[in-house]
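Have a look at the structure below, then the notes.
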Amino acid sequence: MLILAGLPIGDVSDASAHLISAIEKADYIAAEDSRKFARLCQDLNIQHHAKVISFFEGNEIERIDELTKLLKSNKDILVATDAGMPGISDPGYRLVRAAIENNVQIKVLPGPSAVTTALLLSGLPTDRFCFEGFPPRTSAARLKWFTELAEEQRTIILFEAPHRITESLIDASNAFGGTRMAALCREMSKQYEEVIRGSLMQLVEWSESKEILGEITLVISGFDPGSREVDSMQLINDVLKQEAAGLTRKEAIAEVAKQYEISKRIVFDVMVAHKSGDKI
């Protein structure tokens, strides 16, 4: 069996009784960082007799065959990353695929999640959201990445390293607009937990004012189609084209509003101004 163990993201007391029992019974443990895992066991007063195998991003691919052979020989392997769930911006996904391909049973021990914890702390809409992992490290690629997300309507959640957070906030502000609301969640469930809420520009100013340390999750509000700025003359021309094709004024306005994903009221007001001869 392949056991994916959700570990605490900060406060070790968040560890479940199921997790503690699974670690104590494990024969093999694939750990992202054996020293951090040993420290967790010490903090939880866990005594285990498992063989600990190093399993991190740098050796994940080469370890897959070794771990798969153990699974095929009816050995149980517990996968533990530094915090949170294995496979979520951490090693684990490839091993899950290998287990499925070899008909190995998979069990997940649910645990704390930085993604959902930050989402709830943010105060931003929770009904629909997407997790985007870590932004690219280079400036050009990162700005392009944010630009492609600029019209994502779901709440956006991402991770970032403390030494890159200011640059990422600046790029996000440039791509989304400085007034887009967001929340920066730092060191969640730890002693120095901090949540900064405000516009992206306000978060940039905050990040530039101090040295930032610790684990960071950034939550950004989704794009509101009603806020999209569209050239008024383009709207008028499109409505007139729809009318020329046989639609009524009401139908043409509705069609153009749908096309641009904006409120019908915006298109209607533009057409009223056009009809009255007002400057637009």
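The values are calculated or read from the model by the stated rules, or taken from the named source; none is laboratory data. Since this is a predicted model, take the numbers as computed values, not measurements. Cβ placement follows ideal geometry from the backbone for every residue including glycine, while neighbour counts extend to all protein chains displayed.
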Lys190 - would you say it is in contact with an Asp or Glu (Cβ under 8 Å, 6 or more places away or on another chain) and surrounded by fewer than 17 Cβ atoms within 10 Å (Cβ to Cβ)?
yes
Considering (1) β-branched (Val, Ile, Thr); (2) over 21 Å from Glu132 (Cα atoms); (3) in contact with a helix residue (DSSP H, G or I) (Cβ under 9 Å, 6 or more places away or on another chain); (4) not in a loop (DSSP other than H, G, I, E, B), say which one Ile212 fails and leave the rest.
(4)
Within the range 232-245, is there a residue that is part of a helix (DSSP H, G or I), within 38 Å of the chain's Cα centre (by Cα) and within 30 Å of Leu7 (Cα to Cα)?
no
Which residues, taken from the range 225-262, are acidic (Asp, Glu) and either more than 30 Å from Leu169 (Cα to Cα) or touching a Lys or Arg at 6+ places or on another chain (Cβ under 9 Å) (or both)?
Asp238, Glu243, Glu251, Glu255, Glu261
Test for Glu229: is it under 29 Å from the mean Cα position of the chain (by Cα), in a loop (DSSP other than H, G, I, E, B) and either touching a residue at least 60 places away in the same chain (Cβ under 8 Å) or closer than 25 Å to Pro125 by Cβ (or both):
yes
How many of the residues making up the range 88-98 are under 14 Å from Ile3 (Cα atoms), buried (at least 17 other Cβ atoms within 10 Å of the Cβ) and under 20 Å from the mean Cα position of the chain (by Cα)?
2
Name the residue, out of Glu208, Glu215, that is surrounded by fewer than 19 Cβ atoms within 10 Å (Cβ to Cβ) and either more than 22 Å from Asp90 (Cβ to Cβ) or at pLDDT below 95 (or both).
Glu208
Filter pass, Glu66 being closer than 20 Å to Phe37 by Cβ and either assigned by TED's automatic domain parsing to the domain that holds Arg35 or touching a His at 6+ places or on another chain (Cβ under 6 Å) (or both):
yes
With the first residue restricted to the range 234-259 and required to be closer than 14 Å to Val270 by Cβ, and the second required to be charged (D, E, K, R) and at pLDDT 90 or above, Cβ contacts under 6 Å at 6 or more apart or on different chains are Gln242/Glu255; Ala252/Glu243; Val256/Asp238
Taking the range 168-210 and the residues there that are in contact with a Pro (Cβ under 9 Å, 6 or more places away or on another chain) and without any contact (Cβ under 8 Å) to a residue 40 or more places away in the chain, the one that is nearest to Leu149 (Cα to Cα) would be Asp171
Mind checking whether some residue in the range 82-91 is assigned by TED's automatic domain parsing to the domain that holds Glu32, touching a residue at least 60 places away in the same chain (Cβ under 8 Å) and assigned to a strand (DSSP E or B)?
yes
Just give me the residues in the range 128-143 being surrounded by 15 or more Cβ atoms within 10 Å (Cβ to Cβ) and either of a type in the set (A, V, I, L, M, F, W, C) or not in a loop (DSSP other than H, G, I, E, B) (or both), in sequence order.
Phe129, Phe131, Arg142, Leu143
Determine which member of the set Glu24, Glu62, Glu57 is farther than 30 Å from Gln191 by Cβ, among the acidic types (Asp, Glu) and not in a strand (DSSP E or B).
Glu62
